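Written below as structure tokens is the structure these notes are about.
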Amino acid sequence: MIEQHVLSAFATIWGPWWDPVWSFVRPVWPGIWTLTKIVAIAIPLILSVAYLTLAERKVIGWMQVRIGPNRVGPLGLLQPFADVLKMLFKEIIVPTGANRWLFFIAPMLSLAPALAAWAVIPFSESLVLSNINAGLLYILAMTSMGVYGIILAGWASNSKYAFLGCLRSAAQIVSYEIAMGFALVGVLMVANSLNLGDIVRGQEGGAAQWYLWPLLPLFVVYIVSGIAETNRHPFDVAEGESEIVAGFHVEYSGIMFALFFLAEYMNMILVSALASVMFLGGWLSPLPILNDVEVFGVHPFGDSILWLGLKTSAVLFMFLWVRATFPRYRYDQIMRLGWKVFIPVTLVWIVFLGVMMQTRWAYLFH
Amino acid sequence: MTFFTFTFYAFALILVFAGLRVITTRNPVHAALWLVLSFFTAAAIWILLQAEFLAITLVLVYVGAVMVLFLFVVMMLDVNFDSLRRQFRSYLPQGVIVGALVLLEMTLAVVSSAIGAAQIAPPLPTGSNTKALGSLLYVDYVYPFEIAAVVLLVAIIAAITLTHRKRKATRYQDPAVQANVRREDRVRIVQMPAEKSET
């Protein structure tokens, strides 16, 4: 629909010359249009990452009775740009004995899957880059690729700290992926679809219909596994400062370090957006009655990207809150929680769901 | 040449090149990474065949889990590559036999399908091929599938019992004991008389 509008706008601007130009552009137009859509997702995403870093420092600052960054720009609002510029102008140092090729490719390998996963996230009823049937599986596959960046960074740096960090991270991500996958199986069972848009549409009818309620234990498991998968506090042993300096990215400087940073925060936003889509009703408003509120001919509180943004921000705030609250887990505790608590909990709940769906209370589980 | 065939040949070239690099590169970590690339490219070719479920599962299972553990082990091994290469000649006959067999099988498969080109199964009906695969595995062929699952489970349990040794000397933490610790178990309050200052 937007595509037609853009094309007709071009036609009016170019006037009589549009037809020859169009005959030239036509074969590659789908590629151009897809690239435009990718840029339209990627740029707001990168800006969100910039302001998430600021929000993190501000929120944790307030929680610890500090002010947080407040020097650059009004209320410190330009701080992320100052940080990016600083990173850009810093020298990239390659350690002696490092595997140069892999050392340079590792940050890109951690960033690319984090970006690619956004292709299937439905922002609203019609706003999705690629509406594929196996969307949920695609997300799982892409997030499981992110670990290569971390492993290669640790190995290619030729540093013992980095290597320890990458081994810890690999073991942790592989363990928690299983629990996360099982939590998604629960979503698949109640939604009866792997398509993320259909999953959201299955939760229509207000907050009481969200999958959060029938899948409450799986929601908790998903959120905690999400924190562990993104190597966030309190599961950040991969970069545990007190033991292994900075873990896998200890040898990285300048913009290469910034790429790891970007990937981590982008994954955080991805996990939060997914939690909103799968458990909190995605773009749907929590009260169906809000769809009828009309202000100057528009429905500002109806089902739209606004709600997805609000829900994602709420989950992100919880990530920051958790970071400010809990001390870091010990490595064996992380492994125990993943294998001996989460995986049994998810398995039991999947069986329970299957049994309940055959009883007369099945309507409670959609 | 349509865009479709162009992408197919691009992926096929990358796949063959990555496969060659797996066996020619000297560094085992690099070899594992080339293998990751070849898995990924194979998945891309499967997507061109509209087998999106199998393709994504290939990435999820082999790239996301199996190869990560593989890489994990290869990185930790301290292998002397020269000693590995010394046995090249003694392993050559077996290698040649296996390679020739694989080549023969693939040629047979390709030739027979090229002769009976009409016999190639058409792509699955439009719609989710996840659903089609699911109904095949869990409805039509549920017993063979479940038997295969049980055989795998037995294999897992056998592998664990064969390799698991209980070592008495290992130190371990009992989380229940740790969680039940009271202050009195760890802290002893000692009353000290205050020292008088000299001045």
What does the extension gain come out to for B:Q178 and B:E195, with contour length at 0.36 nm per residue minus their alpha carbon separation? 2.4 nm
Given contacts defined as C-alpha pairs under 8 Å and at least six residues apart, what's the relative contact order of chain A, whole-number percent? 20 percent
If contacts are Cα pairs under 8 angstrom and at least 6 residues apart, what is the relative contact order of the range A:1-153 in percent? 18 percent
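Just list whichever of A:K86/A:K340; A:K37/A:K340; A:K311/A:K340 have alpha carbons separated by over 32 Å in the model shown.
On the way: A:K86/A:K340 44 Å; A:K37/A:K340 43 Å; A:K311/A:K340 30 Å.
Too far apart for the 32 Å limit: A:K86/A:K340; A:K37/A:K340.
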Between B:L162 and A:A112, what is the label-to-label distance in nm when each label sits 7 Å out along the Cα-to-Cβ direction? 3.8 nm
Exposed trypsin sites (Lys or Arg not before Pro) absent: longest stretch of chain A, with sites in DSSP loops and at most 15 other Cβ within 10 Å deemed exposed: A:91-329
Please give the FRET efficiency for A:I289 paired with A:V65, using the beta carbon to beta carbon distance and R0 = 51 Å, rounded to the nearest 0.05. 0.80
Nearest 20 debye, what's the magnitude of the dipole of the protein assembly as shown about its Cα centre given +1 on Lys and Arg Cβ and -1 on Asp and Glu Cβ? 1700 debye
Between the range B:134-199 and the range A:107-149, what's the alpha-carbon centroid distance in Å? 33 Å
Per the 1/(1 + (r/R0)^6) rule, R0 = 60 Å and r from the Cβ atoms of A:I13 and B:V187, FRET efficiency to 0.05 is 0.20
Span-like helices, chain B: DSSP H, alpha-carbon axial extent 20 Å or more, mean Kyte-Doolittle -1.0 or greater, which ones? B:3-24, B:28-48, B:88-115, B:142-163
Given the options A:A50, B:A10, A:I132, identify the residue whose Cα lies farthest towards the positive end of the charge dipole of the protein assembly as shown (+1 on Cβ of Lys, Arg; -1 on Cβ of Asp, Glu). A:A50
Would you work out which of A:V348, A:S159, A:I269 lies farthest towards the positive end of the dipole of the protein assembly as shown, given +1 charges on the beta-carbon of Lys and Arg and -1 on that of Asp and Glu, about the Cα centre? A:S159
Where the centroid of each part is defined by its Cα atoms, how far is the range A:1-19 from the range B:4-33 in Å? 43 Å
Could you give the distance between the Cα centres of the range A:301-366 and the range A:47-95, to the whole Å? 30 Å
Rounded to the nearest 0.05, what FRET efficiency do B:A109 and A:E125 give with R0 = 51 Å and r taken as the Cβ-Cβ distance? Could you check? 0.65
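Determine the relative contact order of chain B: mean sequence separation of Cα pairs under 8 Å and six or more apart, normalised by residue count, in whole percent.
13 percent
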If amide H atoms are built 1.01 Å from N in the plane of the peptide, which residues on other chains or at least 5 residues away come under 5 Å of the amide H of A:S285? A:D303, A:S304
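Bear in mind that the values in this text are calculations on the coordinates, not laboratory data. Predicted, not measured: the structure shown is a model, and the values here were computed from it. As a convention, Cβ positions derive from the backbone with ideal geometry for all residues, glycine included, and neighbour counts pool all protein chains shown.
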